[in-house]
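J.: Shown below is the structure under consideration.
The values are calculated or read from the model by the stated rules, or taken from the named source; none is laboratory data. Because the structure is a prediction, the values reported are computed rather than measured. Cβ coordinates were reconstructed from backbone atoms using ideal geometry, including for glycine residues, and neighbour counts include every protein chain displayed.
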Amino acid sequence: MDPISDPPFEEAYKILLNKTQNNSNDFHHGEKKLAAVEECELPMIDLSHLEEKNEAIREKCKFEIARASQEWGFFQVINHGIPKDIFNRLKSEQEKVFKLPFDKKTKEDKFLQFSSGSYRWGTPSATCVGQLSWSEAFHIPLKDVLGTTTQTNTLRYAIEQFATIASNLAQTLAHILAEQMSYESTFFKENCLPNTCYLRLNRYPPCPIASEIHGLMPHTDSDFLTILYQDQVGGLQLVKDKKWIAVKPNPSALIINIGDLFQAWSNGVYKSVEHRVVTNPKVERFSMAYFLCPSNETVIESCRKPSLYKKFSFEEYRQQVRNDVQNLGSKIGLPRFLLF
């Protein structure tokens with residue numbers, strides 16, 4: 001990888017790294033002291049069971065989706081309906097775009113015709129080394145892509161192919177999770193339209209200088225649910241039973257995780273779980289994520305009473321997250337919206 005392609009992490013982080021060089025406690029300032037454990041298989045769900053003629057098999061599959069969302073906040077799915085060649089095509093295009101010169105990636109809104117600010121790297125607002133992230137990403141509003149591209153623009157075409165099928169999968173899972181709460185709702189179909197959702201292409205370059213620096217710092221997702229495809233390098237970890245669990249990569253599975261909005265909507269039944277990506281000193285890692293999001297004006301209200309959370313719009317939530325990240329260096333999230 002040409003170093004000119006990479007973000008200037010070491011230069012940007014020099015002050016914080018020097019400041020904490022002799023004080024190891026600063027690496028973990030503000031972070032939960034949780035031990036990482038061995039790799040673990042997430043709950044595995046075969047979505048082909050949803051097409052079975054036997055009603056008992058279909059209902060068991062739906063129950064397993066809901067149970068994993070309550071107990072883990074994460075699960076993985078196989079037979080999900082997204083062909084392998086779509087992943088291969090998008091991975092290939094993803095690697096190409098990240099190999100562009102750094103100054104070209106920072107001007108991606110003109111070069112790739114994405115919204116301004118789609119390209120992101122590192123943690124500009126970090127206040128301590130524990131908040132640094134050694135990664136870069138294209139966080140793409142799907143309104144920039146869907147219905148606007150041709151096969152000649154290979155990156156955008158690959159994104160559109162993946163996002164179209166991922167959108168249907170996300171809607172299926174959201175409907176099942178609502179149904180398992182005895183809530184027949186058209187809420188997700190009406191408010192989470194394909195063009196209000198996002199796709200994120202992630203690259204985690206090798207990190208040679210400090211194992212304490214995250215690839216992506218601990219956080220929860222601010223959407224309803226996330227569909228993640230990752231390569232075989234590994235690095236994703238989540239909190240379970242007050243421990244960090246390292247997720248074992250599975251080449252045939254997608255990872256699904258519950259986001260903050262679903263936790264608020266379900267009144268805490270489904271769990272938005274803290275997760276992170278750890279760095280690798282030698283190998284780069286790629287992943288892609290689809291985020292099921294509503295329009296900014298959509299009001300999130302708990303479907304069960306008494307509600308744990310006050311009503312809020314998605315825009316209000318996003319603005320609060322932005323404010324906290326800017327002022328504190330990290331996200332607070334749902335605790336900001338608790339009623340008690």
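J.: Mind telling me which of the residues Ser125, Ser115 ends up being small (Gly, Ala, Ser), under 23 Å from Tyr204 (Cα atoms), touching a strand residue (DSSP E or B) at 6+ places or on another chain (Cβ under 7 Å) and at pLDDT below 90? Break it down stepwise before answering.
T.: Values: Ser125 fails: touching a strand residue (DSSP E or B) at 6+ places or on another chain (Cβ under 7 Å).
Sole residue among the options that is small (Gly, Ala, Ser), under 23 Å from Tyr204 (Cα atoms), touching a strand residue (DSSP E or B) at 6+ places or on another chain (Cβ under 7 Å) and at pLDDT below 90: Ser115.
J.: Right, next: Check Pro251 against each of (1) touching a residue at least 24 places away in the same chain (Cβ under 8 Å); (2) surrounded by fewer than 19 Cβ atoms within 10 Å (Cβ to Cβ) and name the one condition it does not meet.
T.: The number of the failed condition is (1).
J.: Please go through region 201-238 and pick out each residue that is in contact (Cβ under 8 Å) with a residue 60 or more places away in the chain, surrounded by 17 or more Cβ atoms within 10 Å (Cβ to Cβ) and polar (S, T, N, Q).
T.: Matches in region 201-238: Asn202, Thr220, Ser222, Thr226, Gln237.
J.: Could you list, in sequence order, all residues of region 229-253 that are outside any loop (DSSP other than H, G, I, E, B), β-branched (Val, Ile, Thr) and within 18 Å of Arg203 (Cα to Cα)?
T.: Going through region 229-253, the residues outside any loop (DSSP other than H, G, I, E, B) turn out to be 229-230, 236-240, 243-247.
Going one step further and asking which of them are β-branched (Val, Ile, Thr), we end up with 239, 245, 247.
Selection gives Val247 alone.
J.: Can I ask one more? Condition check: buried (at least 18 other Cβ atoms within 10 Å of the Cβ), more than 19 Å from Pro335 (Cα to Cα) and under 17 Å from the mean Cα position of the chain (by Cα). Does Ala246 satisfy that?
T.: Details: buried (at least 18 other Cβ atoms within 10 Å of the Cβ): no; more than 19 Å from Pro335 (Cα to Cα): yes; under 17 Å from the mean Cα position of the chain (by Cα): yes.
Considered against the rule, which asks whether it is buried (at least 18 other Cβ atoms within 10 Å of the Cβ), more than 19 Å from Pro335 (Cα to Cα) and under 17 Å from the mean Cα position of the chain (by Cα), Ala246 comes out as no.
J.: Of everything in region 299-311, what is buried (at least 20 other Cβ atoms within 10 Å of the Cβ) and over 20 Å from the mean Cα position of the chain (by Cα)? Give them in sequence order.
T.: Restricting attention to region 299-311, the residues satisfying the condition of being buried (at least 20 other Cβ atoms within 10 Å of the Cβ) are 300, 309.
The answer is Tyr309, and nothing else.
J.: Return yes when Ser133 is touching a residue at least 24 places away in the same chain (Cβ under 8 Å), in contact with a His (Cβ under 7 Å, 6 or more places away or on another chain) and closer than 19 Å to Asp223 by Cα and no when it is not. Quick ask: steps written out before the conclusion?
T.: Numbers: touching a residue at least 24 places away in the same chain (Cβ under 8 Å): yes; in contact with a His (Cβ under 7 Å, 6 or more places away or on another chain): yes; closer than 19 Å to Asp223 by Cα: no.
Considered against the rule, which asks whether it is touching a residue at least 24 places away in the same chain (Cβ under 8 Å), in contact with a His (Cβ under 7 Å, 6 or more places away or on another chain) and closer than 19 Å to Asp223 by Cα, Ser133 comes out as no.
J.: Also, I was wondering about something else. May I ask you to list the residues in region 145-200 that are small (Gly, Ala, Ser) and without any contact (Cβ under 8 Å) to a residue 60 or more places away in the chain? Before the answer, list the steps.
T.: Filtering region 145-200 down to residues small (Gly, Ala, Ser) leaves 147, 158, 163, 166-167, 170, 174, 178, 182, 185.
Residues satisfying the conditions are Gly147, Ser182.
J.: Can you spot a residue in region 209-218 that is modelled with pLDDT of 95 or more and part of a loop (DSSP other than H, G, I, E, B)?
T.: No, region 209-218 has no match at all.
J.: Yes or no: Phe291 surrounded by fewer than 21 Cβ atoms within 10 Å (Cβ to Cβ), on the phi < 0 side of the Ramachandran plot and of a type in the set (Phe, Trp, Tyr)?
T.: Working: surrounded by fewer than 21 Cβ atoms within 10 Å (Cβ to Cβ): no; on the phi < 0 side of the Ramachandran plot: yes; of a type in the set (Phe, Trp, Tyr): yes.
In short, no.
J.: Still on this structure, please answer the following. Taking region 285-311 as the region of interest, how many residues are of a type in the set (Phe, Trp, Tyr) and more than 28 Å from Ala137 (Cα to Cα)?
T.: Initially, region 285-311 is screened for residues of a type in the set (Phe, Trp, Tyr), giving 286, 290-291, 309.
The next check asks that each one be more than 28 Å from Ala137 (Cα to Cα); those that pass are 309.
Residues in region 285-311 being of a type in the set (Phe, Trp, Tyr) and more than 28 Å from Ala137 (Cα to Cα): 1 in total.
J.: Right, here's the next one. If I filter region 320-338 for residues that are at pLDDT 95 or above, of a type outside the set (Phe, Trp, Tyr), under 17 Å from Cys192 (Cβ atoms) and assigned to a loop (DSSP other than H, G, I, E, B), do I get at least one hit?
T.: No, region 320-338 contains no residue that is at pLDDT 95 or above, of a type outside the set (Phe, Trp, Tyr), under 17 Å from Cys192 (Cβ atoms) and assigned to a loop (DSSP other than H, G, I, E, B).
J.: Show the residue pairs meeting these rules: Cβ distance below 7 Å; 6+ apart or different chains; first residue within region 312-332 and free of Cβ contacts under 8 Å to residues at least 24 places away in the same chain; second residue outside any loop (DSSP other than H, G, I, E, B).
T.: Ser313/Val299; Gln320/Arg336; Ile332/Asp324
J.: Check Leu238, Leu261 and return the single one that is modelled with pLDDT of 95 or more, among the hydrophobic types (A, V, I, L, M, F, W, C) and under 19 Å from Pro43 (Cα atoms).
T.: On the way: Leu261 fails: under 19 Å from Pro43 (Cα atoms).
Going through Leu238, Leu261 in turn, just one is modelled with pLDDT of 95 or more, among the hydrophobic types (A, V, I, L, M, F, W, C) and under 19 Å from Pro43 (Cα atoms): Leu238.
J.: Would you check which residues across region 258-275 are aliphatic (A, V, I, L, M) and over 15 Å from Arg336 (Cα atoms) and list them? Write out each step before concluding.
T.: Start the filter on region 258-275 by keeping residues that are aliphatic (A, V, I, L, M), which leaves 258, 261, 264, 269, 273.
The answer is Ile258, Val269, Val273.
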